[in-house]
Amino acid sequence: IQRNKQKLIEESPCDLVSEEERQHLGQIALRAVNAIDYHNTGTIEFLMDSDHHFYFMEMNTRIQVEHTVTEMVTGIDLVKAQVKVAAGEPLPFTQNDIQINGHAIECRINAEDPARNFMPQTGNIDYLYLPVGNLGMRIDTALYPGVTISPFYDSMIAKVIALGKDRLEAIEKIKRLLNET
């Protein structure tokens, strides 16, 4: 889900893509990275039309904001893997090692003013409660009480991520996590 070309909610895996289509896209991605001798984590993005035709969009060799949903459903620490490769070690897994377990949803929390068409908003965080310790839930942020939201960076100030055994459980968990934050 996007607003103003900015992603707000990410999910993995995509419920609109069948397992057969996912395998096919994976093979295309493997052919692409093998063609350029790429040995690290990365993202190859496709667009899909209403007839399930896929179109290559881009390849990213950096960690993306939505990497958290991939980490949740695969159990693989992608940032750690990239650091290992940067240190000269081999990628600690192959594509065949990656299995999807469950469904993950990420919601981006932005410092914005809805009354001003969601313009970025600065100010101080006076109070903050982030629920922690819940299985299958994750919050990525650098926020703390007393921090000032600066106008010099992106308006995203946190990511809230939930993993469920299926999409419905992930939705219930993310709703609870957002309500408690």
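Would you mind calculating the gained length between N34 and F152 on full extension (0.36 nm times residue separation, minus the Cα-Cα distance), in nm to one decimal? Can you show the working numbers first?
On the way: separation 118, 0.36 × 118 = 42.48 nm, distance 3.86 nm.
38.6 nm is the gain from fully extending N34 to F152.
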Calculated from DSSP helices alone, with each H run of at least 4 adding -39500 (n - 2.57) and the total divided by the residues of the chain, [θ]222 nm to the nearest 500 comes to -8000 deg cm²/dmol
Per its Cα gyration tensor (rounded if a/c is under 1.5, else prolate when a/b beats b/c, else oblate), the range 29-78 is best filed as oblate
Under a 1.4 Å probe, counting only protein heavy atoms, Y129 has an accessible area in Å², nearest 10, of 110
For the range 51-179, one quarter of the surface area of the C-alpha convex hull, expressed in nm², comes to 11.6
Sorted by chain and number, the residues with a modelled amide H under 5 Å from that of N110, at a separation of 5 or more or across chains, are I157
Inter-part gap, Cα centre of the range 1-77 to Cα centre of the range 128-181, in whole angstrom, is 22
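Among all lysine pairs in the range 50-181 that are eight or more places apart or on different chains, how many have alpha carbons less than 23 angstrom apart?
Values: K80/K159; K159/K173; K159/K175; K165/K173; K165/K175.
So the count of such lysine pairs works out to 5.
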Here the relative contact order (percent) of the chain, from C-alpha pairs under 8 Å and at least 6 apart, is 20
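Roughly speaking, to the nearest percent, how much of the range 1-130's 1.4 Å accessible area is carbon and sulfur? Intermediate values should be presented prior to the final figure.
Numbers: 4540 of 8530 Å².
Carbon plus sulfur share of accessible area: 53 percent.
Against the 2.2 N^0.38 Å scaling, with N counting residues, where does the range 1-84 land? I'd like the Cα-based Rg ratio to two decimal places. Kindly include the intermediate steps, with their values, before the conclusion.
On the way: Rg = 13.6 Å, N = 84, 2.2 N^0.38 = 11.8 Å.
After normalising by residue count via 2.2 N^0.38 Å, the value is 1.14.
The values are calculated or read from the model by the stated rules, or taken from the named source; none is laboratory data. Just so it is clear, the model here is predicted, and its values are computed rather than measured. Accessible surface areas use protein heavy atoms only, side chains included; no ligands, DNA or RNA. Shrake-Rupley method; radii C 1.70, N 1.55, O 1.52, S 1.80 Å.
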